[in-house]
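Working notes, beginning with the structure itself.
The values are calculated or read from the model by the stated rules, or taken from the named source; none is laboratory data. Keep in mind that this is a model prediction, so the values were computed, not measured. Glycine also receives a Cβ, built like all others from the backbone with ideal geometry; neighbour counts cover every protein chain displayed. Ligands, DNA and RNA are excluded from the accessible area calculation, which covers all protein heavy atoms including side chains. Shrake-Rupley method; radii C 1.70, N 1.55, O 1.52, S 1.80 Å.
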Amino acid sequence: MSRVAWPLRVAVGARYLEDAHGRPFRLNVDSAWFASTEFWLADPESAAAFEEYLTDREAKGFTAILVMGMVQFGYNSYHNIQAGAYAHLPANRISGAVPLLVPDDFTTPNPEYWHNVVGIAAAAARHGMAVLLAYNYLGHIGTDEGWWTQISGPANSVQGMRGFGTWLARLFTGHDNVIWYPYGDFNPPPGEGS
């Protein structure tokens, strides 16, 4: 696979992505949905497992991975998940780091947790892969497997959510392989916070 010149962009006058040199970039996406909570790159064994995963996916022709930036506890009740399999959510299974220092408060992002997600994006870039980052997955029709209830609740104002978005954008500056993936399986109703 040839190396990608980041960032990607929509080709002028076309309906496809291209890299910075104008080479078409086909999104062939694998779901690494829980990578943010299942891999901790500061842990050598976990980092090696993630590297093995990326190497395998690159060899199979994948050009991108889909990652949930933060995974909601509600996934424990999902019909295909073994009871208790994700009891650690929303924390990282290995480090215990949580995405928000104060539960459900998006004005308190945890740098330790999010730097690991940045590391996931950087590792993917080394394999020529984009990362579709669902930074605050809202859940299927806004259910408890996502963050819609918390985002639209009284603890999180529009200003606070903008602050969270600004903080994330600054944190990921220079990681040009990230494609921001808002919402996910739910479009919020029209309004100021949408």
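Sorted by mean Cβ packing within 10 Å, highest first, what order do the peptides 48-58, 6-16 take?
48-58, 6-16
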query: Counting Lys and Arg as +1 and Asp and Glu as -1, each charge on the Cβ, what is the dipole of the chain about the Cα centre in debye, to the nearest 20?
result: 640
message: Restricting to DSSP H runs of at least four residues, report the calculated mean residue ellipticity at 222 nm for the chain, -39500 (n - 2.57) per run over all residues, nearest 500 deg cm²/dmol.
response: -8500 deg cm²/dmol
query: In nm, what is the difference between 0.36 nm times the number of residues separating R170 and R126 and their Cα-Cα distance?
result: 13.8 nm
field: Total charge dipole magnitude, region 101-194, about the Cα centre, Cβ charges on Lys, Arg, Asp, Glu only, Debye to nearest 20
entry: 340
message: Taking amide H atoms as placed 1.01 Å from N in the peptide plane, list the residues 5 or more away in sequence, or in a different chain, whose amide H sits under 5 Å from that of E145.
response: H140
field: Read-out volume of the Cα convex hull per residue in Å³, derived from the coordinates shown; its label in (i) 165; (ii) 134; (iii) 113
entry: (ii)
statement: HN-Hα couplings for region 150-156 via Karplus (6.51, -1.76, 1.60; θ = phi - 60°), in whole Hz with x for Gly/Pro, come out as 6, 5, 8, x, x, 6, 10
statement: Quotient of Cα radius of gyration and Kirkwood radius for region 131-194, i.e. Rg/Rh, equals 0.98
statement: Of the candidates I120, F186, G139, the farthest towards the positive dipole end of region 80-194 (Lys/Arg Cβ +1, Asp/Glu Cβ -1, centred on the Cα centre) is I120
Rounded to the nearest 10 Å², the accessible area of H140 at probe 1.4 Å: 100
- line: Sorted by chain and then number, the residues having a modelled amide H within less than 5 Å of the amide H of L66, at least 5 places away or on another chain, are D30, S31, A32, L132
query: Within the accessible area of the chain, what % is carbon and sulfur when the probe is 1.4 Å and the other protein chains stay in place?
result: 55
- prompt: Remind me, relative contact order of region 74-194 in percent, using alpha carbon pairs under 8 angstrom and six or more residues apart?
  reply: 27
field: Potential extension, A5-L27 segment - 0.36 nm per residue separation minus Cα distance
entry: 6.5 nm
